[in-house]
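Scroll down for the structure; my scribbles are underneath it.
The values are calculated or read from the model by the stated rules, or taken from the named source; none is laboratory data. This is a predicted model, so every value here is computed, not measured. Glycine gets a Cβ as well: all are built from the backbone with ideal geometry, and neighbour counts include every protein chain shown.
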């Protein structure tokens, strides 16, 4: 005889069921909780991005929100990701509007 795990029967319209369906529907619609905004540190060659979603296996992508941010992409690169943060290396200048939106995958 094979033993199968016994799971509770799913009952519709329970509070956890409604929440689980909402989360799943949002994920399928692309509404993931993986994005934020970042401004490169003025007068410095490094900026630290801290987010609890960052792990060693994460891929962090950037979308520039200003012209100065778009220009900064040519000198920007990442150190290896760590647990909860990553260091971005970039040109050192006084611009205060190098704003990005970021997404973390993995």
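Checking the stated criteria, residue 38 turns out not to satisfy the condition of being within 16 Å of the chain's Cα centre (by Cα), surrounded by 15 or more Cβ atoms within 10 Å (Cβ to Cβ) and not in a strand (DSSP E or B).
Within region 64-105, if we keep just the residues that are assigned to a strand (DSSP E or B) and free of Cβ contacts under 8 Å to residues at least 40 places away in the same chain, the residue that is surrounded by the fewest Cβ atoms within 10 Å (Cβ to Cβ) turns out to be 77. Somewhere in region 50-61, is a residue part of a loop (DSSP other than H, G, I, E, B) and farther than 17 Å from residue 104 by Cα? No, region 50-61 has no match at all.
Residue 27 - would you say it is modelled with pLDDT under 95, loosely packed, with under 12 Cβ neighbours inside 10 Å and under 15 Å from the mean Cα position of the chain (by Cα)? Here the answer is yes, as residue 27 does meet what is asked.
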